[in-house]
Amino acid sequence: MTRAKDKDLEFGLATRAVHAGQEPEPLSGAVTLPIYQTSTYVQDGIGRNKGYDYARTVNPTRQALERNVAALEGGTHGFAFGSGMGAIHGVLTLLSAGDHVVCGENVYGGTHRLMDKVLTRLGLTFSFVDTRAVDTVAAAVTPKTRLLFIETPTNPLMRLADLAALGDLARDRKLLYVVDNTFATPIFQRPIEHGADIVVHSTTKYLNGHSDMVGGLALLTRDDLAEQLQLIQKSVGAVPGPFDSWLALRGTKTLPLRMRQHDANGRRIASWLEQDRRVQQVFFPGLPSHPQHDLACRQMSGFGGMISIELGSLERAKQMVAGTRLFALAESLGGVESLIGHPATMTHAAVPPSMRQAMGLTDGLVRLSVGIEDAEDLIADLDRALG
Ligand SMILES: Cc1ncc(COP(=O)(O)O)c(C=O)c1O
């Protein structure tokens, strides 16, 4: 079972990002951890090995990534999966048929689809609720509820959930508390410090940051849960390969630096969009006009580069996404390059239209993943595309 090294937790986040989980390779002293491209390891004798037996169970490159991000999240255990959805699926299989889950209504569309279309067939039940108000969440808890799953900020409406208040609720009602921290990253928000039992990530996004691999992670502190997750990880086998693990690990080294730039660009662009009369509404927790800005300042130390804007109609949204040159029209987020997307037909197409409408995810909503380019160039690009 991968355990973060205690000494890694003594350092600040930027130091952890560069060093946690990694030591010079013993054979040659290579400073950069090698890609251990192997499926198996020679054994000294029956039942005697160097801690590595078969690469589905354990691989040194993957293990370094698991230790690295566990240390960043303030966790002690990390489990890497082949995608963010793989990590979320792994965590949800801690449950048994008959268990009930309370989940945020505005989570990533793929998370909603996994719950609604796949796991309900296996006997789990789900309630999707607005997680902005603790009372709403509390009212959805039943005697069968075992797990609370949230995103904050949510994708794409940038709504916040009060991490600490929901942590108290989860503790009182004995629920496993799972937080998808993909948008904020451990650089700006550390849910474990607010009572989360498990943090999940789509490593594909900010952690990797270069749009060149797909992966997921689950990070936690509880030994009992870690043992169960290890069993799931090795039994299901949805693990990332060594090269993808290495790419993600290279990405996390610069995560604090990149997040600073995403955040600076995000604030600048959100303020610019807010004063532009062609934009009806801007969703960004860093704006003082965001209804939960105070909460954002309490539980986040930065806001990142995710911004959504309401343009009023599908026509205007189509016009905008067709008009940018630097912002590429693409799924995904969190890379160094800026992307633009239309949630209703892309990331959230799997969410039933009635549910999209009820939560305010309209056809006129456009989502921006602001990269680390020059803010002036990005603003000029948006200005042109707004027409
Ligand atoms: C917040 C969030 N969680 C999870 C996922 C799923 O991650 P992956 O695409 O790596 O499976 C995504 C993907 O967009 C996401 O945005």
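The values are calculated or read from the model by the stated rules, or taken from the named source; none is laboratory data. Source: prediction; values computed, not measured. Note: ideal-geometry Cβ built from the backbone for every residue, glycine included; neighbour counts use all protein chains shown. Keep in mind that these areas ignore ligands, DNA and RNA; they rest on the heavy atoms of the full protein, side chains included. Shrake-Rupley method; radii C 1.70, N 1.55, O 1.52, S 1.80 Å.
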Unique match (being of a type in the set (A, V, I, L, M, F, W, C), within 16 Å of the ligand (Cβ to nearest atom) and surrounded by fewer than 18 Cβ atoms within 10 Å (Cβ to Cβ)) among 236, 200: 236
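I'd like the full set of residues that are part of a loop (DSSP other than H, G, I, E, B) and open to solvent by less than 60 Å² (accessible area, probe 1.4 Å), limited to the range 338-354. Give the steps one after another, and end with the answer.
We begin by selecting, within the range 338-354, every residue part of a loop (DSSP other than H, G, I, E, B); these are 338, 342-352.
Passing the criteria: 338, 342, 343, 344, 346, 347, 348, 349, 350, 351, 352.
Given the structure, is residue 64 touching a residue at least 60 places away in the same chain (Cβ under 8 Å) and either within 20 Å of residue 229 (Cβ to Cβ) or of a type outside the set (Val, Ile, Thr) (or both)?
Details: touching a residue at least 60 places away in the same chain (Cβ under 8 Å): yes; either within 20 Å of residue 229 (Cβ to Cβ) or of a type outside the set (Val, Ile, Thr) (or both): yes.
Considered against the rule, which asks whether it is touching a residue at least 60 places away in the same chain (Cβ under 8 Å) and either within 20 Å of residue 229 (Cβ to Cβ) or of a type outside the set (Val, Ile, Thr) (or both), residue 64 comes out as yes.
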Among (1) surrounded by fewer than 17 Cβ atoms within 10 Å (Cβ to Cβ); (2) of a type outside the set (Lys, Arg); (3) at pLDDT below 95; (4) on the phi < 0 side of the Ramachandran plot, the one test that residue 47 misses: (4)
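Matching residues to (1) of a type in the set (Val, Ile, Thr); (2) in contact (Cβ under 8 Å) with a residue 60 or more places away in the chain; (3) assigned to a strand (DSSP E or B):
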site: 132; (1), (2), (3): no, yes, no
site: 147; (1), (2), (3): no, no, yes
site: 150; (1), (2), (3): yes, no, yes
site: 153; (1), (2), (3): no, yes, no
site: 160; (1), (2), (3): no, yes, no
site: 168; (1), (2), (3): no, no, no
site: 182; (1), (2), (3): yes, yes, no
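Quick one: which residue in 82, 86 is open to solvent by 10 Å² or more (accessible area, probe 1.4 Å) and touching a Pro at 6+ places or on another chain (Cβ under 6 Å)?
Working: 86 fails: touching a Pro at 6+ places or on another chain (Cβ under 6 Å).
Checking each option against the conditions leaves just 82.
Under the condition of being of a type in the set (A, V, I, L, M, F, W, C) and open to solvent by less than 20 Å² (accessible area, probe 1.4 Å), which residue from the range 89-113 is farthest from the ligand (Cβ to nearest atom)? Outline the logic, then answer.
Kept after step one, since they are of a type in the set (A, V, I, L, M, F, W, C), are these residues of the range 89-113: 91-92, 94-95, 97, 101-103, 107.
Going one step further and asking which of them are open to solvent by less than 20 Å² (accessible area, probe 1.4 Å), we end up with 91-92, 101-103, 107.
Details: 91: 11, 92: 13, 101: 16, 102: 17, 103: 12, 107: 7 Å.
The selected residue is 102.
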Number of positions in the range 310-329 that are open to solvent by less than 30 Å² (accessible area, probe 1.4 Å) and in contact with a His (Cβ under 8 Å, 6 or more places away or on another chain): 2
Lone unmet requirement of (1) on the phi < 0 side of the Ramachandran plot; (2) assigned to a loop (DSSP other than H, G, I, E, B); (3) buried (at least 19 other Cβ atoms within 10 Å of the Cβ); (4) of a type outside the set (A, V, I, L, M) for residue 304: (1)
Scope the range 5-27; condition of a type in the set (A, V, I, L, M), part of a loop (DSSP other than H, G, I, E, B) and in contact with a Leu (Cβ under 9 Å, 6 or more places away or on another chain); matching residues: 20
Flag for residue 319 being more than 26 Å from residue 133 (Cα to Cα), away from the ligand (no atom under 16 Å from the Cβ) and over 24 Å from the mean Cα position of the chain (by Cα): yes
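Could you tell me how many of the residues in the range 1-22 are out of contact with any strand residue (DSSP E or B) (no Cβ under 9 Å at 6 or more places or on another chain) and open to solvent by less than 90 Å² (accessible area, probe 1.4 Å)? Spell out the reasoning first.
Keep residues of the range 1-22 that are out of contact with any strand residue (DSSP E or B) (no Cβ under 9 Å at 6 or more places or on another chain), which gives 5-20, 22.
Add one more test, that the residue is open to solvent by less than 90 Å² (accessible area, probe 1.4 Å), and what stays is 5, 8-9, 12-18, 20, 22.
Of the residues in the range 1-22, 12 are out of contact with any strand residue (DSSP E or B) (no Cβ under 9 Å at 6 or more places or on another chain) and open to solvent by less than 90 Å² (accessible area, probe 1.4 Å).
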Of all residues making up the range 325-340, the number that are within 15 Å of the ligand (Cβ to nearest atom) and in contact (Cβ under 8 Å) with a residue 60 or more places away in the chain: 4
